[in-house]
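Trainee: Sharing a structure below in structure tokens format, with a few things to ask.
Coordinate-derived values only; no laboratory data. All values derive from a computational prediction rather than experimental measurement. With ideal geometry, Cβ positions are generated from the backbone for all residues, glycine too; neighbour counts draw on all protein chains shown.
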Amino acid sequence: MSQDPFYMVQADVQSSLRLLTNDHTRWKQLLLETNTATNDEFKWTTKELKKRVRRHEETLRDLSNSNIVAEKFREKYLLTFDEIESRKRFVREANATLDIIKQDFNSPTTHQKIESDKQKELLYSEKRMNIEQDSRYSGLQRAVEEDNNDYLRDNMMMQQRYYEDQDQGLDILSQNVMELGEMTKVMETEIKSQGNILDRLGERAAKSQGALGSMMRRLDRFMTQTSSKVQWTLIAILGVIFLILVIISTTILKKK
């Protein structure tokens, strides 16, 4: 009996069913406590449980077929009715365990929870998308505001440079006006000085003319009293003196 392959397969199935039951318990916990639409462990556990359930079903079908053959040829395999019944009971109990797991997979409560989680995730995704769009819009708005600020800053800098250039031009103009004023004062002083010189020269010329007129009158009286030869000599001398005075006056005026 220890060499019967049924018992070897039975031991493997029992061990595998214990692990399957533990995973099924964990799956139910994840179903109740997590968002099944986003929880990776729930998705992986669901996939693995379904795959292992299918394998166990195939194994149990093989065991069920072997039980049919063993029951038909019970005497050949030296099996009692109790042993045949025990094998059938094991297959039924194992299938019942698999049925419980499949029922949990297909129950309305499970589908309702999964659909509810999907709706929550969909709403969350839409909300997150709206937030991202708002964030992008806010980023775009910030970019536009920054561009506007840069534009205003550039305009302010240009206006400031323009005002600085104007101030610099006004400073240069003011300096030129001051220099022109100084030159005007110098010219005014020079003109006044030259006017004073001309006035003095005019006074001197008037005095000289008066003296010359007085001398000419005296000369006329003298001429009337002297001979013609002496008169012409005196006239020549006086003419030379007059020319010398005129030359001296002209030279002085040119130097001033």
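Trainee: For segment 5-106, give the magnitude of the charge dipole about the Cα centre (Cβ charges: +1 Lys/Arg, -1 Asp/Glu; no others), in debye to the nearest 20.
Mentor: Using Cβ point charges on Lys, Arg, Asp and Glu, segment 5-106 gives about 220 debye.
Trainee: Is there a pair in Lys51/Lys72; Lys50/Lys76; Lys51/Lys113; Lys43/Lys127; Lys28/Lys120; Lys47/Lys120 whose C-alpha atoms are over 28 Å apart, and which pairs would that be?
Mentor: Beyond 28 Å between Cα atoms: Lys51/Lys72; Lys50/Lys76.
Trainee: Okay, next question. Express in nm, to one decimal, how much length is gained between Ser116 and Tyr7 on full extension, taking 0.36 nm for each residue of separation and deducting their alpha carbon distance.
Mentor: 34.8 nm
Trainee: Right, here's the next one. Leu32 to Arg89: FRET efficiency via 1/(1 + (r/R0)^6), r the Cβ-Cβ distance, R0 45 Å, to the nearest 0.05?
Mentor: It comes out at approximately 0.90.
Trainee: Tell me the label-point distance for the pair Ser64, Lys47, using the 7 Å Cα-to-Cβ offset, in nm and rounded to one decimal.
Mentor: Computed distance between label sites Ser64 and Lys47 equals 2.9 nm.
Trainee: Given points 7 Å out from each Cα along the Cα-Cβ axis, report the Ile252 to Asn39 separation in nanometres with one decimal.
Mentor: 12.8 nm
Trainee: Right, next: Relative to the Cα centre, what is the charge dipole magnitude of segment 22-82, using +1 at the beta carbon of each Lys and Arg, -1 at the beta carbon of each Asp and Glu, and rounding to the nearest 20 debye?
Mentor: Here segment 22-82 has a charge dipole of around 180 debye.
Trainee: Rounded to the nearest 0.05, what FRET efficiency is calculated for Lys102 and Leu78 with R0 set to 35 Å and r the Cβ-Cβ distance?
Mentor: After rounding to 0.05, the efficiency reads 0.45.
Trainee: Want the number for Arg54 to Arg128: 0.36 nm per residue separation, take away the alpha-carbon distance, what's left? Write out the running numbers ahead of the final one.
Mentor: Values: separation 74, 0.36 × 74 = 26.64 nm, distance 3.86 nm.
Result: 22.8 nm gained on full extension.
Trainee: Still on this structure, please answer the following. Taking Cα pairs under 8 Å and at least six residues apart, what relative contact order does segment 5-106 come out at, in percent?
Mentor: Computed over segment 5-106, the figure is 25 percent.
Trainee: Using a Förster distance of 25 Å, how high is the FRET efficiency between Leu245 and Asn196, based on the Cβ-Cβ distance and rounded to 0.05? Don't skip to the answer; put the middle values down first.
Mentor: Working: r = 21 Å, r/R0 = 0.85.
That gives a FRET efficiency of 0.75.
Trainee: Which length gain, in nm to one decimal place, applies between Thr109 and Thr233 when the Cα-Cα distance is subtracted from 0.36 nm times their residue separation?
Mentor: Difference between extended and current length: 28.5 nm.
Trainee: From the phi of every residue in segment 6-22, what ³J(HN,Hα) in whole Hz does the Karplus formula 6.51 cos²θ - 1.76 cosθ + 1.60 yield, where θ is phi - 60° and glycine or proline is x?
Mentor: Karplus values, whole Hz, x for Gly and Pro: 4, 6, 5, 5, 4, 5, 5, 5, 4, 5, 5, 5, 4, 5, 5, 5, 4.
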